[in-house]
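The values are calculated or read from the model by the stated rules, or taken from the named source; none is laboratory data. From a predicted model like this one, the values you see are computed outputs, not experimental measurements. All Cβ positions, even for glycine, are placed from backbone atoms using ideal geometry, and neighbour counts span all protein chains on display. These area figures cover heavy atoms from the full protein model, side chains too; ligands, DNA and RNA do not enter into them. Shrake-Rupley method; radii C 1.70, N 1.55, O 1.52, S 1.80 Å.
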Amino acid sequence: MPTALQLIKEPHLVTADDVCGHHEVSVDTGLSHHVVIERQVQHGPNELPSAEVVPAWKKFFAQFNDSLILILIGAAVISAVISQEVKTPLVVLIVVLTNAIIGFFQEHKAEAALEALRNMVVGEAKVRRDGEVRMIPSHEIVPGDIVLVEAGDRIPADGRLLLAANLEIEEAALTGESQPVVKITDALEAHGEHGGLGDRFNMAFKNTAVTRGRGEFITTATGAHTEIGKIAGLLHSTKNVPTPLQNQLSKLAHQLAVLAGIIVALVIVIGLIRGETIHDLLMTAVALAVACIPEGLPAVTAVTLAIGVSRMANQQAIVKRLASVETLGCTSVICSDKTGTLTLNEMTARDLIVQGRSHAVSGQGYAPIGKVEHLATDEQSIVRSALEVMALCNDSAVHEEDGQWQLVGDPTEGALVVLAEKGGIDVRSLRERHPRIAEVPFDSATKFMATVHQLVDDSGDHVVRLCVKGAPDVLIDRCSRSIGLEGNAETIHSQKTELLAHNDRLASQGLRVLAVAVRDFDLDAWSEIESSATSIEGLVSDLVLLALIGIVDPPRPEARDAIAQARAAGIAVKMITGDHATTAAAIGRELGLGDNGQVVSITGPELNDLTDEQMEEVAQSTHVFARVSPEHKIRLVAALQRRGHVVAMTGDGVNDASALKKADIGVAMGITGTEVSKEAATMVLTDDNFATIVSAVRQGRSIYNNIVKFVRFQLCTTLGFAMLFLLSSIFNIAGGKPFAAIAILWVNIIMDGPPAMALGLDPADDDAMNQKPRPQSEHILTKSRWFAIVLSAVVMAVGALLVLALAPGHEAKAGVATIAGTMAFNTFVVAQFFNILNSRHDRHSVFNRGTLKNRFLWISLSVVLLLQVAVTHFGPLQNLFDTVSISGSQWLICIAVASSVLWTEEARKLVVRRRA
């Protein structure tokens, strides 16, 4: 039995040879096949920990964990025990089961969509095993594997670096640092400043990306033991908080249960006073309970939310939990990560300073589409020389793939490559014609990079040119001359003030500034340099400064409009980033985050000095939060929530995950997002587009409004039944039991079924995004809605009661076929036809074009009327529902009485509109 391999706790403090020795592996050959098998068994797959999978049977039975459903099941059981017949209990249980099945499959559909998103791309890694380099699925990597990476690769596991050739890794997904980290292979000091992940320069971490150079590392941790895996594990212990919709529906369920109990008690008391038997009273109580319980509420709510899920998926948003769709509708603050969400995450050159003059650069991203502004005073040879330096002193490249331009390498260098292409340089051809002779890799200490090439100068002479790019202050100090206004090389001292002014101007606009310079050597001089083995770095002096370049990660073109729409809808948008305050504030101004162009910003260190009360004030008034840590993000979300806001947090990195979990709605990025952020979020954007969130907000508001429509319609029916039973008991009409339980269920099924579900397809109101967010504490049913519901319920109950009392023939009685009972039954059903039209808007009249928009509703209502005619005139259905055929004039009476609910509501809406 092989000895179990123990992972090294702090590999960054150990030499590379010692790490290899501990893992019993040779760098040249890698692990053998049989060792890999043993370690896969010991350490498991290289996958992030996932939340415990809930069995399907548990998910299904969870659908019954609802107060309304439980009361309905109880009513069915009581009915079966007392009446000793199965017709009514069976219909009740079928309705309950249908609700559960719909809810289960809709939840499953949403989960399957997210799983499909996770499986969009199967990661692969290059490893050395048995002396050969091979590609394997990333999940097969084990501790001790030698992994090879290069620019453009994603690190598949944590590892100690063995080779770092100009290697830089972008670790923003883990640390929040926007700039790539230069990597080394030396062991770090145990007491040095290397405690933080961002300071472990000799380590590579899972889910980070190589932006430059190449490297090799020995895997020191996989799966849950990686740094990203440890964070993922912590998230599983956090409980999800119910959404506002869930809270509202829970309160409504309790209210309905109490209402049912009160009315049942009143009916029983009245019956006892009248001398009725307990058996008859209990049967009446069951029928009344069925009438008072809106059993369609869970099903219609689930279907309405599922429709929202489907629509949002078509709009590039995948929702993990149905109820979370609605929460977006009442979102009042969106806390958004900057890089990749509000911006393109594609560094773009915006300004080129040549001959002391500013040249605007058009286009954005890595597509070489755009132009460099041409000025009449430009010396074109100088501009071309500057662009050639940007192309040659560069390790990155862009290429088109499936219609999209992709970057391989460092984003800042990519911006320079694209700028050169826009200026007319064929970068690939230039590099092939003038290959690199020597180089000085970029070093964070020197802040420049230099390459050497042989080419022809403006005079036609063959020269060896030292091309340099780097920080402006560094290169200015190493330059002796600079190209002046006339295109001549003038002393640097005469232009230093102007150059620094340009640098400060670009920096104040949030642009990162780089400088390019050259130094030429004739061929003989270069031969002497080569023979004397002179350090290339020592030659980076006496330079001629050619240009300054202002680079920015540009805002998404649609983000500004999306933010404007959000603000019009009363939603505040706050940028949260690890970038510098100046850069972030400039992007914020360009996006329109501020009030009247004034963007208020604050940094993470400044937040540390604030109390919780001060934090709440700052959270309200600040637009941009820069240089923040994950702890700051969580604190910000908490402060906004204490102020009563419903907070949506967008992000793509691991550093966003905890805040995504804390927020009411966590929105992760499907393309650039890490697995941890997707798992922590409740919604995933498949296009990483901030504008998609605004579309989701609109959809969320529409969904909530449609649910309100159904709840209002459902309660009109419920209260109408309850009042009808109560009034019939008080006035002893139809023996206090106007309808049998099966007739009540029929009304609930045909009206609260397809027609009510069709309300979920109602389009959003035209003014949906011109209203302020609904307060989280607002009840589903406001006072004005309750008034409308009660008014309609009274009208329906009184109308049906009058038909029961005044219709010809024998006295109506539940379970007995009579003309009065049939007419009252039809009157109540037709009243629902008018009632559903009333419920579609609180203020707008039914008599407008919008009423005809939802064709599914009209189709379902037409089917309902046909079914009701069949129930009235088709023999087998007459026997089931205890009905008799009625004449055409009696049908007209039913319709006329039922329409009173429409005219009453139209009068109420007219008063409301005039008061407004």
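Near Asp337, the amide H atoms lying under 5 Å from its own belong to Ile576, Thr650, Gly651; only residues 5 or more places off or on other chains count, and H is placed 1.01 Å from N.
Considering helices alone, the calculated mean residue ellipticity of the chain at 222 nm is -15500 deg cm²/dmol, with DSSP H runs of length four and up weighted by -39500 (n - 2.57) and normalised per residue. The accessible-area ordering, largest first, of the residues Ile94, Ile425 stands as Ile94, Ile425, per a 1.4 angstrom probe. Close amide-amide hydrogen proximity is noted between Lys737 and Ala814, each under 5 Å apart and 5 or more residues distant or on a separate chain (H modeled in the peptide plane; Pro and chain starts excluded). Quick one: Cα centre-to-centre distance for the stretch 693-710 and the stretch 544-617, in angstrom? The two parts, judged by their Cα centres, are 28 Å apart. A protection proxy built from the mean count of other Cβ atoms within 10 Å ranks the segments 456-462, 660-666, most packed first, as 660-666, 456-462. In this structure, the amide hydrogen of Glu276, modeled 1.01 Å from its nitrogen in the peptide plane, lies closer than 5 angstrom to no residue at least 5 positions away or on a different chain. For the residue pairs Lys320/Lys853; Lys447/Lys496; Lys783/Lys909, the C-alpha atoms sit more than 24 angstrom apart in Lys320/Lys853.
For the pair Asp28 and Arg505 in one chain, pulling the backbone fully straight at 0.36 nm per residue adds 166.6 nm over the alpha carbon distance. Taking θ as phi - 60° and the Karplus parameters 6.51, -1.76 and 1.60, the scalar couplings of the stretch 540-550 work out to 7, 7, 6, 7, 10, 6, 9, 6, 10, 10, x Hz in sequence order, x denoting glycine and proline.
In the context of the full set of protein chains, the chain has a per residue accessible area of 42 Å² (1.4 Å probe). Computed FRET efficiency, Cβ-Cβ of Ile278 and Phe874, R0 30 Å: what is it to the nearest 0.05? For R0 = 30 Å, the calculated efficiency reads 0.25.
By the Cβ distance rule (another cysteine Cβ under 4.7 Å), the unpaired cysteines of the chain are Cys20, Cys292, Cys330, Cys335, Cys479, Cys716, Cys894. Qualifying trypsin sites (Lys or Arg not before Pro) in the stretch 817-856, where qualification requires a DSSP coil assignment and no more than 11 other C-beta atoms within 10 Å, comprise Arg843. Sorted on the mean count of surrounding Cβ atoms within 10 Å across their residues, most packed first, peptides 743-750, 693-700 read 693-700, 743-750. Peptides 375-381, 718-724, 634-640 ranked from most to least packed, by the mean per-residue count of other Cβ atoms within 10 Å: 718-724, 634-640, 375-381.
Listed options for volume of the Cα convex hull per residue in Å³ are (1) 216; (2) 185; (3) 229. The value calculated from this structure is the one marked (1). Remark: the stretch 568-575, residue by residue, has Karplus-estimated 3J(HN,Hα) of 5, 8, x, 9, 7, 10, 10, 8 Hz, where x stands for each Gly or Pro and the curve is 6.51 cos²θ - 1.76 cosθ + 1.60 at θ = phi - 60°. Dividing the convex hull volume of the alpha-carbon atoms in the stretch 308-435 by its residue count gives 160 Å³ per residue.
Note on Arg214 and Ser480: their simple-model spin labels are 3.9 nm apart, each label 7 Å out from Cα toward Cβ.
Taking the accessible area of the stretch 423-475, probe 1.4 Å, and keeping the other protein chains in place, the carbon and sulfur fraction comes to 47%. With θ taken as phi - 60° and the Karplus curve 6.51 cos²θ - 1.76 cosθ + 1.60 applied, the whole-hertz 3J(HN,Hα) list for the stretch 470-481 is x, 5, x, 5, 5, 5, 4, 5, 9, 9, 9, 9 Hz, x standing for glycine and proline. Using R0 = 56 Å, the C-beta based FRET efficiency linking Glu379 and Thr98 works out to 0.10. If R0 is 56 Å, what FRET efficiency do you get for Leu866 and Glu47 from their C-beta distance, rounded to 0.05? It comes out at approximately 0.50. Distance between the pseudo-spin-label points of Arg428 and Glu558 (7 Å out from Cα toward the beta carbon): 3.0 nm.
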